[in-house]
Amino acid sequence: MSVQELEKIFQDKIDKEVKLEPKDWMPDAYRKTNIRQISQHAHSEIVGMLPEGNWISRAPSLKRKAILLAKVQDEAGHGLYLYSACETLGITREETINDLHSGKAKYSSIFNYPTITWADIGAIGWLVDGAAILNQVMLTRTSYGPYARAMVRICKEESFHQRQGFESLLVLSRGTKEQKEMCQDAINRWWWPSLMMFGPKDSESTNSDQSMKWKIKRKTNDELRQNFVDMIAEQVKILGMTLPDDKLKWNEERRHYDFGEINWEEFWSVVKGNGPCNKQRLEARKKAWEEGEWVREAAAAFAKKRKTSPNPSKGGALAAA
Amino acid sequence: MNILLRKFYYGDIPEDKTGGNIVSKDTKSDWPLWEVFIRSKQGLDHKHAGSLHAADAQMAIENARDVYTRRMEGVSIWVVESKDITASNPEEAGELYEPAVDKVYRHPTFYDLPDEVKHM
Ligand SMILES: [Fe+2]
Ligand SMILES: [Fe+2]
């Protein structure tokens, strides 16, 4: 079959909402776009553990500590689901991780902002996970099967992340004057970076939308961002707090909130590696990887040893079930 | 095919030389890939849940416990090394499933019975 014919079969499947599976033929660019996007997504889950992990030992109560631990552990799981989905496209786990460590692969810029106070942990759950959820809900319908399935699993777990964040801010918003100030300060610092999570404006591009045509993405950046603003602008009222944007206003005609312009210079500068914590985050990842080397080696050696001295109690899967 | 992707969406950060090379599968890592199957409830089938890397089967089960059953999603886990799974080839799907295509009489709806016949 010619490449043109294969491409036609491929696009027909996409148009008919038939999911692509690992062994199906796909254009090289589709494979590469998916590898780039899924691996970036995986890296974001893993690097995203760092700003929150920063507060596990300092959470204000045992309850909050347990909740935060559970959330951070979930994020590790999300990273794993995504790395596995990525591997089905023919790239090894090791290559993917090497690309992160060498700086070749990116992760979401939001994790390059510092977590200065306890309220930041609440703000991350509410705003950062909230923004991620909108994207991930859309991605449960993405055209590549393993990615879509990973998203379904992730979405089931995310809702607790956002709710615990909001609830934690709710407690602060009803607390002392200092707690209220801390809550507002965290919202002020996390609001704009959260909006930036949705990426450049739709009008920034004149190219045809391959990712939309391939149904990797199903909503534009601006659509998702608007959904987010509409959702958060209402929720913030319940906290009795405000969002740091004097242009934020309900537009009756559009039936949406209008909002101010994002600082795009800051956006690109953080993407390019000049955010407050870019260096620190990558170094922490590399350190964890290097210091875990002996554990990986020891486990491999142990497995090898066990293989050479077979365990008689082991039956096949059916016997073990 | 030469498509230049210039528009970047959420979660797809622009970078000229970002990721995406497919190189050889030759890797130093000694931890093989395992497929994980989970029985969510007694009486139900094991269902494919995903995959993970582990040094051996025991570790694969422990990792699967941590990754796929954090919210009591399972009562039993099977793991099998991915390399031991043989999959049918999607390109041969046509021929492979062809024998079933023209056998409508295998379905109960093929048989027209009078309405008076009950419980059938
Ligand atoms: Fe996550
Ligand atoms: Fe999350």
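The values are calculated or read from the model by the stated rules, or taken from the named source; none is laboratory data. These numbers were taken from a predicted model, which means no experiment stands behind them. Virtual Cβ from ideal backbone geometry, glycine too; neighbours counted across all protein chains shown.
For region A:85-114, the set of residues classified as assigned to a loop (DSSP other than H, G, I, E, B), within 16 Å of ligand 1 (Cβ to nearest atom) and farther than 15 Å from A:I35 by Cβ consists of A:S108 only.
Scanning for something over 30 Å from A:T242 (Cβ atoms) and either in contact (Cβ under 8 Å) with a residue 60 or more places away in the chain or crowded, with 21+ Cβ neighbours inside 10 Å (or both), does region A:127-140 turn up at least one residue? Yes, region A:127-140 has at least one match.
Here A:L82 does not fit the description of being loosely packed, with under 15 Cβ neighbours inside 10 Å, within 16 Å of ligand 1 (Cβ to nearest atom), at pLDDT 95 or above and not in a loop (DSSP other than H, G, I, E, B). Of everything in region A:131-146 that is within 11 Å of chain B (Cβ to nearest Cβ) and not in a loop (DSSP other than H, G, I, E, B), the residue that is nearest to B:H48 (Cα to Cα) is A:P146.
In region B:61-72, which residues are part of a helix (DSSP H, G or I), at the interface with chain A (Cβ under 10 Å from one of its Cβ atoms) and either more than 22 Å from A:K307 (Cβ to Cβ) or not polar (S, T, N, Q) (or both)? Scanning region B:61-72 gives B:I61, B:D66, B:V67, B:Y68. Restricting attention to region A:190-218, the residues that are crowded, with 20+ Cβ neighbours inside 10 Å and basic (K, R) add up to 1.
Give region A:198-238 a look and list any residue that's more than 17 Å from A:E261 (Cα to Cα) and of a type in the set (A, V, I, L, M), or say none. Within region A:198-238, A:M212, A:I216, A:M231, A:V236, A:I238 meet the criteria.
Suppose we filter region A:36-87 for residues that are in contact with a His (Cβ under 6 Å, 6 or more places away or on another chain) and within 12 Å of ligand 2 (Cβ to nearest atom); how many remain? Selection size over region A:36-87: 2.
Taken across region A:197-218, residues that are closer than 14 Å to A:I124 by Cβ, within 16 Å of ligand 2 (Cβ to nearest atom) and more than 9 Å from chain B (Cβ to nearest Cβ) do not occur at all.
With respect to being closer than 26 Å to A:P114 by Cβ, of a type outside the set (A, V, I, L, M, F, W, C), at the interface with another protein chain (Cβ under 10 Å from one of its Cβ atoms) and surrounded by fewer than 19 Cβ atoms within 10 Å (Cβ to Cβ), A:Q73 fits the description. Checked against (1) of a type outside the set (V, I, T); (2) over 22 Å from A:P22 (Cα atoms); (3) buried (at least 24 other Cβ atoms within 10 Å of the Cβ); (4) away from ligand 1 (no atom under 16 Å from the Cβ), A:A66 meets all criteria but (3). Applying the criterion of being polar (S, T, N, Q) and away from chain B (no Cβ under 14 Å) to the residues of region A:103-130, the residue that is farthest from ligand 2 (Cβ to nearest atom) is A:T117. Listed conditions (1) within 27 Å of A:K23 (Cα to Cα); (2) within 11 Å of ligand 2 (Cβ to nearest atom); (3) of a type outside the set (V, I, T) are all met by A:Q164, apart from (1). Note on region A:10-63: residues that are surrounded by 13 or more Cβ atoms within 10 Å (Cβ to Cβ) and not in a loop (DSSP other than H, G, I, E, B) amount to 31. The set of residues from region A:141-157 being surrounded by fewer than 22 Cβ atoms within 10 Å (Cβ to Cβ) and in contact (Cβ under 8 Å) with a residue 12 or more places away in the chain comprises A:R141, A:G145, A:A148, A:R149, A:V152, A:R153, A:C155, A:E157. Just wondering, is there one or more residues in region A:163-180 that are in contact with a helix residue (DSSP H, G or I) (Cβ under 7 Å, 6 or more places away or on another chain) and within 14 Å of chain B (Cβ to nearest Cβ)? No, region A:163-180 has no match at all.
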